[in-house]
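The values are calculated or read from the model by the stated rules, or taken from the named source; none is laboratory data. Note that the coordinates shown come from a computational prediction; the quantities given were computed from them, not determined experimentally. For neighbour counting, all protein chains shown are included, and Cβ atoms are generated from backbone atoms with ideal geometry for every residue, glycine included.
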Amino acid sequence: MRCDTVWTRARLLTAAGQPIIDDGMIAARDGRIVHAGPPADFEGEVIDLGGRLVTPGLIDCHTHLVFAGNRANEFKLRLDGASYEDIALAGGGILSTVAATRAASEEALIAATLPRLDALLASGVTTVEIKSGYGLTLEDELKMLRAARALEQRRPVRVVTTLLGAHALPPEFRDHPDAYIDEVCTRMIPAAVGLASAVDVFCEGIGFSPAQTERVFAAAQAHGLAVKIHAEQLSNLHGAALAARYVALSADHLEHLDADGIEALLAAGTVATLLPGAFYTMRETVKPPIEALRAAGVPMAIATDCNPGTSPLTSLLLAMNMAATLFRLTVDECLAGVTTNAARALGRDDIGTLKLGKSCDFAVWDCDQPADLVYFMGASPLHARIFQGKTA
Ligand code: DI6
Ligand code: FE
């Protein structure tokens, strides 16, 4: 059968947890997979992969990749003993990135983000989720979302955008949090339709309350947008259970998730997204309840949470290593966390596995087993990245 491109001699992993197909073949037409499996009769441009490991393209399903400025100084202050909260209360933290991001043009944001995006692509990423959340005004939140979407014109990558207007209380609303939530619900969410596919909230003592979170979720659903949540990162406000009531795509962080929250996530089909980079950077001590999530069968995703404060991490491979080393996820769980379950955390059924009709996004690795991808830290064994059927 005619197709555009045929890749041969792959050690082919069509989906996390599946057996590897030695001498595997992938064929694509118009950027979609028309075959992924043992050798078959397909004609097209032939590319010999020389027995290298092939996995679905990796998906980083939770990042704050677009921002201006740098908070290495805060990293130094924390080494000198200051806490994340001390720094935030002194006007640093998220609000210092907000000031820099508001001052940056859309083009400057794109330029500042490209090196971080290139690092993710070098770790085999073909799809990346990018949140707003450092603008905190209608104009600046939309500027961030436009900058994120514009990255698709600069690099061969899929960008999925999320409105995170409820990331922090901006200085101009310092004493009026509910008025700011009004701004998010009545102005930002309607304006984000068409620019973002989901709405996220930082539900935390230093963020927004469950009641404020619920107002944002109701407004998102009224405008046909999916919801996600930063929940149970520093305390248990039962944000995950609230998100599950709104059939959230994912609940993220979850260090302080309890049994009721696990049950709610399972019932709603909401993905538990683990962010080990923030756990590591903040030197947290309470781990997410991995064994209970595993026993319950809640799908777990892994992401970098790349952001300038709590997770300055631009390697999804290292995020997998941290998930295995710190949280004791298995190799198969790590691979599923950055493919199958990451796609589900974005509400996407066209990516995450190498199956008929899906986008032909895959990574070719200079190694022969999935454990190599989780085990090594630092150098990326990426040999080639294929996005929509073309070598990227
Ligand atoms: N949780 C986090 O860890 C980041 N945002 C959030 O909701 C922190 C973002 C920052 O410090 O810039
Ligand atoms: Fe985050």
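Details
- Residues of the stretch 280-298 satisfying the condition of being closer than 28 Å to TYR84 by Cα and of a type in the set (Lys, Arg): ARG283, LYS287
- In the stretch 235-284, residue surrounded by the fewest Cβ atoms within 10 Å (Cβ to Cβ) [restricted to those that are part of a helix (DSSP H, G or I) and touching a Gly at 6+ places or on another chain (Cβ under 6 Å)]: ALA241
- Residues in the stretch 193-218 that are away from ligand 2 (no atom under 16 Å from the Cβ) and assigned to a strand (DSSP E or B): 1 in all.
- Residues (of a type in the set (S, T, N, Q) and closer than 27 Å to ASP182 by Cα) located in the stretch 82-139: SER96, THR97, THR101, SER105, SER132, THR137
- The number of residues in the stretch 35-50 being more than 33 Å from the chain's Cα centre (by Cα) and in a loop (DSSP other than H, G, I, E, B) comes to 4.
- Matching residues in the stretch 288-301 - criterion: being without any contact (Cβ under 8 Å) to a residue 60 or more places away in the chain and assigned to a strand (DSSP E or B): MET300
- Here the condition is being within 12 Å of ligand 1 (Cβ to nearest atom), closer than 24 Å to VAL160 by Cα, of a type outside the set (Gly, Ala, Ser) and in contact (Cβ under 8 Å) with a residue 24 or more places away in the chain; of LYS143, LYS131, it holds for LYS131 alone.
- Residue within the stretch 6-14 that is among the polar types (S, T, N, Q), more than 23 Å from the chain's Cα centre (by Cα) and more than 16 Å from ligand 1 (Cβ to nearest atom) present: yes
- Sole exception among (1) out of contact with any strand residue (DSSP E or B) (no Cβ under 9 Å at 6 or more places or on another chain); (2) part of a loop (DSSP other than H, G, I, E, B) for PHE75, by number: (2)
The rows are residues; the columns are (1) more than 18 Å from ALA99 (Cα to Cα); (2) touching a strand residue (DSSP E or B) at 6+ places or on another chain (Cβ under 6 Å); (3) of a type in the set (S, T, N, Q).
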| residue | (1), (2), (3) |
| --- | --- |
| GLU129 | yes, yes, no |
| LEU136 | no, no, no |
| GLU141 | no, yes, no |
| LEU164 | no, yes, no |
| ALA168 | no, no, no |
| PHE173 | no, no, no |
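- Within the stretch 173-222, the residues that satisfy the criterion of being more than 29 Å from ARG344 (Cβ to Cβ), at pLDDT 95 or above and more than 16 Å from ligand 1 (Cβ to nearest atom) are PHE173, HIS176, ASP178, ALA179, ASP182, GLU183, THR186, ARG187.
So that you can scan it fast, the table gives a plain yes or no per residue for (1) exposed (fewer than 15 other Cβ atoms within 10 Å of the Cβ); (2) in the same structural domain as ALA112 (by TED's automatic domain parsing):
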position	(1), (2)
ALA16	no, no
ILE20	no, no
ARG29	no, no
ARG32	no, no
GLY44	no, no
ASP48	yes, no
ARG71	no, yes
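- Residues of the stretch 281-300 that are hydrophobic (A, V, I, L, M, F, W, C) and away from ligand 1 (no atom under 16 Å from the Cβ): ILE290, ALA292, LEU293, ALA295, ALA296, VAL298, MET300.
- Checked against the criteria, VAL54 counts as closer than 23 Å to ALA119 by Cα and part of a strand (DSSP E or B).
- Odd one out for THR304 among (1) more than 18 Å from GLY124 (Cα to Cα); (2) part of a loop (DSSP other than H, G, I, E, B); (3) of a type in the set (Ser, Thr, Tyr): (1)
- Residue in the stretch 179-192 that is closer than 30 Å to GLU291 by Cα and either in a helix (DSSP H, G or I) or free of Cβ contacts under 8 Å to residues at least 60 places away in the same chain (or both) present: no
Let's see how each residue does on (1) within 16 Å of ligand 2 (Cβ to nearest atom); (2) of a type in the set (S, T, N, Q); (3) at pLDDT 95 or above:
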residue: LEU293; (1), (2), (3): no, no, yes
residue: ALA301; (1), (2), (3): yes, no, yes
residue: PRO312; (1), (2), (3): yes, no, yes
residue: ALA319; (1), (2), (3): yes, no, yes
residue: THR339; (1), (2), (3): no, yes, yes
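- Residues being more than 16 Å from ligand 2 (Cβ to nearest atom), among the charged types (D, E, K, R) and more than 15 Å from GLU141 (Cβ to Cβ) - total across the stretch 85-130: 4
- When GLY389, GLY378 are screened for being of a type outside the set (Phe, Trp, Tyr) and either crowded, with 23+ Cβ neighbours inside 10 Å or under 27 Å from ARG9 (Cβ atoms) (or both), only GLY389 passes.
- Taking the numbered list (1) under 22 Å from the mean Cα position of the chain (by Cα); (2) part of a helix (DSSP H, G or I); (3) crowded, with 19+ Cβ neighbours inside 10 Å in turn, GLN221 passes all entries but (3).
- The selection criterion, being closer than 18 Å to LEU117 by Cα, modelled with pLDDT of 95 or more and more than 16 Å from ligand 2 (Cβ to nearest atom), does not hold for PRO170.
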